[in-house]
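Here's the structure, in structure tokens; my notes come after.
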Amino acid sequence: MKKKLEYLFLVLILIFGFFLRIYKLGVPSFWIDESISSIVSMNILQKALPILDSGLFYSRAYVFHYLQAFFLLFAKTDFLARLPSVIFGLLTIILAYKIGKEYSKTGGIISALFFSVFYLEVFYSRQARFYQLFQLMFFLSIYFLYKSKNNPKYLYASLISFFITINTQIAGLVLAPFFIFYIFVENKDWKKYLAILPGIPLIWKFISLFSLTSKSGESAINYASQYFVYTANIIYLFILFIFGSAWAFIKNKKLTFLIITPSIILLIGIFALRTFALRYAYFFVFPLVLYSSLLLSFLYEKYGKIMLILIVFMLIFPSNLIFPHTAVNLIKPIDYNYNDFSSPEINLKNIPQDLINNIKNSQLICLFSPSIEWYLDIKPNYVFAFSMDKLGNDSISYGETNKVDVYSGAQIIYKKPENLENYYVIADYYSVSKLKPSQFENFNETIANCSISYENNDLRVYGC
């Protein structure tokens, strides 16, 4: 009877988690990476492979992009483009339930409850990008690896999920040494030699992974401080996490070690990257919420039903029912993206249709092309070069001599083409902010004799 009641609670949690993730899913505009993934998936529908119009083979996150392409078969909408992450978000709740059960009787259901409403879990499960998949596969790989000691079928599943993890994000390679050691030590027959498999991508990718990092310790400290700016509303969770993970280690040393150690190593590594983006650290939300929730389950099992008051308080008080702008838990559904300057939106949804028609019948210069291609169904004639991470002068061109925009295949320009007349320029503020001083000067010359045809908080459209 208790088992059936627990499953009923889990179903109710999943239904509510699904509602939070699906509610007005298509309302917010894409932020920049969402439009990239969606254009990749549209190219899969056209070519069966993730080959962009520039000729670049987009080799990241095959599972995500092919699933997204499947949904886009039915319609080209923001809602369907984001649906894969909703699915991965629900699977993450189930994974939290399964891992929580490894620690205590109530650990699974309490973990699932807090995962279903935690604000970052909800926000990232509403994105047309693969960060939710990465979090899911990273910890699913660990869970399968842990279970493989008593059931060999989990070993094969762990290897499959590991390779999906590193294809989704190269950062998943942090798991490789743990896989190699665990497989070799815990298997006594020929299966121990499967440890070679995670070693292959580790050697192959090590040099390129190292090249992504900054060699400056001061820079790493600076980026770490930027990440911690985002933790003001969840400091208490870090405190619960410390006590929860310590208690969990006493209960299950092996599983806790497998989850915590690579997570902390990767988090430290992210601080050393040459760019800041909150989404890179998002994966760490999993152990943070897991061990905070498990602490509550341990207290409940030790002190009884009186702890239900604390659990309800921890669920409701820091929620958007009481703190609408700094909520940790989302009880009321949301219809907007997370306010993160490292994930900028480009809102093209409200450009008047007659202006769109005029742009289609003229020539177009832009900076960031995927959003324009997705929302306006227009391929630009020219793309003004800029660097998306502000490292160098140009990170969007492809080709050695005749450089083209990596996404649209349009010609890359560094200043206004000669004899160009009667054209439009779509200048999104994100891209313009990345221009170096000399580039900004050339860009201003491009729009010097133009008038503003449309503008909003994210962009301007110039008629020239």
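Worth a mention:
- Segment 285-324 - residue that is of a type in the set (A, V, I, L, M) and in contact with a Phe, Trp or Tyr (Cβ under 6 Å, 6 or more places away or on another chain) and, of those, surrounded by the fewest Cβ atoms within 10 Å (Cβ to Cβ): M307
- Segment 430-444: number of residues that are of a type in the set (F, W, Y) and buried (at least 17 other Cβ atoms within 10 Å of the Cβ): 2
- Selected residue (criterion: nearest to Y7 (Cα to Cα)) from residues of segment 45-79 that are touching a residue at least 40 places away in the same chain (Cβ under 8 Å) and of a type in the set (A, V, I, L, M): V63
Each row is one residue, and each column tells you yes or no for (1) of a type in the set (D, E); (2) touching a Gly at 6+ places or on another chain (Cβ under 7 Å); (3) not assigned by TED's automatic domain parsing to the domain that holds E34.
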position	(1), (2), (3)
S263	no, no, no
R279	no, no, no
Y282	no, no, no
V285	no, no, no
S297	no, yes, no
I309	no, no, no
F323	no, no, yes
N329	no, no, yes
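- Put simply, of D394, D428, D389 the only residue that is charged (D, E, K, R), out of contact with any His (no Cβ under 6 Å at 6 or more places or on another chain), at pLDDT 95 or above and not assigned by TED's automatic domain parsing to the domain that holds T77 is D428.
- Enumerated helices (runs of 4 or more DSSP H) restricted to segment 102-184, each holding at least 2 residues that are farther than 30 Å from N320 by Cα: 131-147, 153-168
- Test for V117: is it under 19 Å from I234 (Cα atoms), under 12 Å from the mean Cα position of the chain (by Cα) and of a type in the set (A, V, I, L, M, F, W, C): no
- One residue stands out in segment 395-417 among those that are without any contact (Cβ under 8 Å) to a residue 60 or more places away in the chain and closer than 25 Å to A128 by Cα: the one that is surrounded by the fewest Cβ atoms within 10 Å (Cβ to Cβ), namely S395.
- Some residue of segment 352-370 being without any contact (Cβ under 8 Å) to a residue 12 or more places away in the chain and within 22 Å of A81 (Cβ to Cβ): yes
- Set N347, N357: member being under 22 Å from the mean Cα position of the chain (by Cα) and either at pLDDT 95 or above or outside the structural domain of D78 (by TED's automatic domain parsing) (or both): N347
- Exclusive hit being modelled with pLDDT of 95 or more, acidic (D, E) and either surrounded by 24 or more Cβ atoms within 10 Å (Cβ to Cβ) or not assigned by TED's automatic domain parsing to the domain that holds P28 (or both), set E121, E102: E121
- Restricting segment 418-459 to residues that are touching a residue at least 12 places away in the same chain (Cβ under 8 Å), of a type outside the set (S, T, Y) and assigned to a helix (DSSP H, G or I), the residue that is farthest from S387 (Cα to Cα): E445
- Within segment 368-405, the set of residues being within 21 Å of the chain's Cα centre (by Cα) and among the β-branched types (V, I, T) comprises just one member, I396.
- Among the candidates D33, D53, residue that is more than 19 Å from the chain's Cα centre (by Cα), within 25 Å of I170 (Cβ to Cβ) and not aliphatic (A, V, I, L, M): D53
- Segment 75-87 - residue that is surrounded by fewer than 24 Cβ atoms within 10 Å (Cβ to Cβ) and not polar (S, T, N, Q) and, of those, nearest to V122 (Cα to Cα): V86
- None of E441, E418, E455, E400 is outside the structural domain of A75 (by TED's automatic domain parsing) and within 26 Å of K76 (Cβ to Cβ) except E455.
- Among the criteria (1) part of a helix (DSSP H, G or I); (2) within 20 Å of T165 (Cα to Cα); (3) not polar (S, T, N, Q), the one R60 does not fulfil is (1).
- Check on F284, in contact (Cβ under 8 Å) with a residue 12 or more places away in the chain and not in a helix (DSSP H, G or I): no
The values are calculated or read from the model by the stated rules, or taken from the named source; none is laboratory data. All values derive from a computational prediction rather than experimental measurement. Glycine also receives a Cβ, built like all others from the backbone with ideal geometry; neighbour counts cover every protein chain displayed.
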